[in-house]
Amino acid sequence: MIVTNNPYCYFYRLPILIPKMKAIILNENGGPDKLVYAEDFPEPLIKPNEVLVNVKATTVNRADLVVRTGYPGLQLKFPHILGGDIAGVVSNTGSDVKNFRVGDRVVSWSIVSEADDDWARRGKAGQSPAWQYFGMHRAGSYAEFTPVPESSLINLPDNVSFEEAACLPVAGLTAYHAIKTIGDLQKGDKFFIWGGTSGLGIIAIQLAKSIGAEVFATAGYPYKIEHLKKMGVDHIFNHRDGSAIDDEVLNLTNGSGIDVILDYVGPEAFPKNFKMVKKGGKILFCGILTGREAMVSLHQTYLRHISLLGLYLGEKRELEELVKLVSQGKVKPHIGAELELKDAAKAHEMIAKGEVIGKVVLKV
Ligand SMILES: NC(=O)c1ccc[n+]([C@@H]2O[C@H](COP(=O)([O-])OP(=O)(O)OC[C@H]3O[C@@H](n4cnc5c(N)ncnc54)[C@H](OP(=O)(O)O)[C@@H]3O)[C@@H](O)[C@H]2O)c1
């Protein structure tokens, strides 16, 4: 008999028998040392519309580091469980769940969005102001079990491993949404990405190549540049050796520039993006590695018909399409490191140092 202090439990503070699970618990914001491994954290209860997923794999995303440290305006309910990527097996279903059974292999959209609002009616539920992100607005996947509304779940084909599936809901989906939907990249287009060996970058490059785009990508270290060569990237640059990449790109494109640029670097890259984007081209933003703000010439933006487009994550149907591409062998996430859940703090340090190619997976 235990008294639960699990805020996800309906019977908060009532003495009931609650099974225990492994989890990484965040009791306060701070460094990686605040990620506490427990084997006796109360298993969450599920609501009628939810499925209890026995998590088999998750990954570490930059967002996890930001939530751990403390995001301005985000109030966490401690103890908090991080993790936006959920891949596992259904272990229990709520009374209203219709399409999933115990034992089903599943991967979850990283978003919960169930409001019947303007965004949902336009097929953009992922952009709804009522959205929730696993590991940020609700419990995430750094745990043996996590509750997921049926509306966010996707069946996982047998030939996609849990580890590969865990690479898709955050980094993979963002790459898909950027390339296929927002960028609308076309055969023959020139596509540029900074940091092409990130988890997001590798999937973006694979998608761009499969479309038939000419791919320009950067990396900061020789071993990462070698990886880009193996991926068949057409033009490779080192963003840490001081070379004038924007000028090189303009030379290679006879002065016309790039059709679609995918940028998560931010202010440091912005002037170069602006210089090398083609007239009528697009700059897509999905990250702020070097800061939050940049100066923009409104005059040049309209005069050159430049589209500046922001995005994060994507829609559930896009994740379904991406899972299908992985199942068909057309996209393959790159797993640079696999660690046990208890080593989450080490995994956070690896991401912070940027020493891994592709994704860092946590096996649960
Ligand atoms: N908006 C969204 O929905 C969303 C979703 C997923 C990820 N993201 C963002 O996308 C980014 C990539 O995430 P990830 O988890 O896939 O990768 P990651 O492991 O965080 O990789 C970071 C990448 O950034 C590159 N980089 C760092 N500083 C750079 C600079 N000054 N110039 C050029 N490149 C630089 C690194 O390249 P080298 O190591 O080769 O130098 C590395 O490839 C993160 O910023 C993340 O926040 C956004």
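Every number here is computed from the coordinates shown, using simple stated rules; none is lab data. What you see is a predicted model; the values in this text were computed from it and never measured. Please note: Cβ atoms are built from the backbone with ideal geometry, for glycine as well, and neighbour counts cover all protein chains shown.
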| task | Find the residue count for segment 58-105, including only residues that are surrounded by fewer than 19 Cβ atoms within 10 Å (Cβ to Cβ), within 13 Å of the ligand (Cβ to nearest atom) and part of a loop (DSSP other than H, G, I, E, B). | result | 1
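Conditions tested, residue by residue: (1) closer than 19 Å to Q206 by Cα; (2) in contact with a Ser or Thr (Cβ under 9 Å, 6 or more places away or on another chain).
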residue	(1), (2)
M276	no, yes
K279	no, yes
L284	yes, yes
V296	no, no
Q300	no, no
L322	yes, no
S327	yes, no
K332	yes, no
| field | Inter-residue pairs, beta-carbon under 6 Å, first of a type in the set (S, T, N, Q) and in segment 185-201, second near the ligand (Cβ under 9 Å from one of its atoms), 6+ apart | value | T197/A219; T197/K224; T197/I357
| List, please: which pairs have Cβ atoms under 9 Å, are six or more places apart or on different chains, and start with a residue in segment 168-179 that is under 18 Å from G123 (Cα atoms) and end with one that is within 8 Å of the ligand (Cβ to nearest atom) and in a helix (DSSP H, G or I)? | T174/L200; A178/L200
| remark: When every residue in segment 287-297 that is farther than 21 Å from P169 by Cβ and within 16 Å of the ligand (Cβ to nearest atom) is compared, the one surrounded by the fewest Cβ atoms within 10 Å (Cβ to Cβ) is R292
| request: Taking V102 as meeting all but one of (1) of a type outside the set (G, A, S); (2) within 21 Å of Y133 (Cβ to Cβ); (3) in contact with a strand residue (DSSP E or B) (Cβ under 7 Å, 6 or more places away or on another chain), write down the number of the exception. | output: (2)
| note | Considering segment 239-263, residues that are within 24 Å of the chain's Cα centre (by Cα) and closer than 18 Å to G354 by Cβ, and then whichever is surrounded by the most Cβ atoms within 10 Å (Cβ to Cβ), we arrive at L262
| task | Residue by residue through segment 261-284, note down the ones that are in contact with a Leu (Cβ under 7 Å, 6 or more places away or on another chain) and more than 18 Å from A219 (Cα to Cα). | result | K282, I283, L284
| Among the residues of segment 194-217, which ones are within 6 Å of the ligand (Cβ to nearest atom) and either of a type in the set (D, E) or part of a strand (DSSP E or B) (or both)? | S198
| request: Inspect all residues belonging to segment 298-315 and state whether any of them is surrounded by fewer than 22 Cβ atoms within 10 Å (Cβ to Cβ) and closer than 17 Å to D85 by Cβ. | output: yes
| said: One residue is enough: does segment 262-280 have a residue meeting the conditions among the β-branched types (V, I, T), in contact with a helix residue (DSSP H, G or I) (Cβ under 9 Å, 6 or more places away or on another chain) and within 16 Å of the ligand (Cβ to nearest atom)? | reply: yes
| task | Can you give me the number of residues within segment 174-193 that are among the polar types (S, T, N, Q) and either under 18 Å from E355 (Cβ atoms) or within 11 Å of the ligand (Cβ to nearest atom) (or both)? | result | 1
| task | Hey, could you check segment 339-364 for residues that are of a type in the set (D, E, K, R) and within 22 Å of A219 (Cβ to Cβ) and say which is farthest from the ligand (Cβ to nearest atom)? | result | E349
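Within segment 150-162, is there a residue that is of a type in the set (D, E) and within 30 Å of N99 (Cβ to Cβ)?
Yes, because at least one residue in segment 150-162 is of a type in the set (D, E) and within 30 Å of N99 (Cβ to Cβ).
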| Name the pairs: first residue in segment 96-119 and over 17 Å from K316 (Cα atoms), second residue of a type in the set (G, A, S) and surrounded by 17 or more Cβ atoms within 10 Å (Cβ to Cβ), Cβ to Cβ under 7 Å, at least 6 apart or on different chains? | V102/S91
| Which numbered condition trips up D259, out of (1) closer than 20 Å to I179 by Cβ; (2) among the charged types (D, E, K, R); (3) out of contact with any helix residue (DSSP H, G or I) (no Cβ under 9 Å at 6 or more places or on another chain); (4) free of Cβ contacts under 8 Å to residues at least 60 places away in the same chain? | (4)
